[in-house]
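Where a number appears in this text, it was derived from the coordinates with a stated rule and is not lab data. Values in this document were obtained by computation on a predicted structure and should not be read as measured data. When we count neighbours, we look across all protein chains shown, and the Cβ atoms used for this are built from the backbone with ideal geometry, even at glycine.
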Amino acid sequence: MKYLILKDLFLQKRMLVLAFAYVLLLTFAFQSMGEGQLVAIISAVGYMFVMLGGAWEETNKSDVLWNSMPVSEWQIVGAKYLAIPLYVVFVVLVYGVVSSAFSLLRIPISAAPFNPLGIVLGMIGVFIAASLYYPVYFALGYTKSRYWHFILFFGIIVSASMIPALFPNKPAWLDPLLAQIPELANDVAVFVALGMFVVILVGGSFLASLTLYRRREF
């Protein structure tokens, strides 16, 4: 299993360089988000690792190679999910370098400080996005699954852009909800419920990916 994870990281060597450019760009673009900036950057760049990992793998024909070797399908699928925390760790390190550079060079770009909650929520964001993407990826391969990625990605963007039209006036319940977020962040029960949701989602996604991957023809 560890060799499969290392294989994913090796295939991502180009992304390791591009990650600095993406984090730099998104730090500038999301600087008005406040504490949500860190969550958004980890989620976005982490998901780019997930997406481009499939692209590099198809380019290098890794699927064909590993399926010709005595490696179980569940290990091939599981390695993809287990690589996600490593992607997040790298994004966090890159963000730390970029934000420190802004501070040392006194560049007028706001970078949110590190906080454990933001890192955890960012990782959850990557897991949720990957859980929606991987079953289609393992069923169809990268070339065909990228259409699902675009539908998913632009669907979220379009939905977000429609919110102002659907709610021209700010709902009365919004401010009280936002005021409760700091309290919810310290509520153990909320974190347990969120953790259970993520575990169920990722577990279901893994089983679906494994089933579809076993049916796929190479």
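The relative contact order of the range 1-134 comes to 44 percent, based on Cα pairs under 8 Å that sit 6 or more residues apart. Per residue, the average separation of C-alpha pairs within less than 8 Å and at least 6 apart gives the range 21-100 a relative contact order of 42 percent. Loop-located trypsin sites (Lys or Arg not before Pro) across the range 41-146 with a Cβ neighbour count of 14 or fewer within 10 Å are LYS61, ARG106, with loop assigned by DSSP. Label-to-label distance for THR143 and LEU194 is 4.0 nm, based on points extended 7 Å past Cα in the beta-carbon direction.
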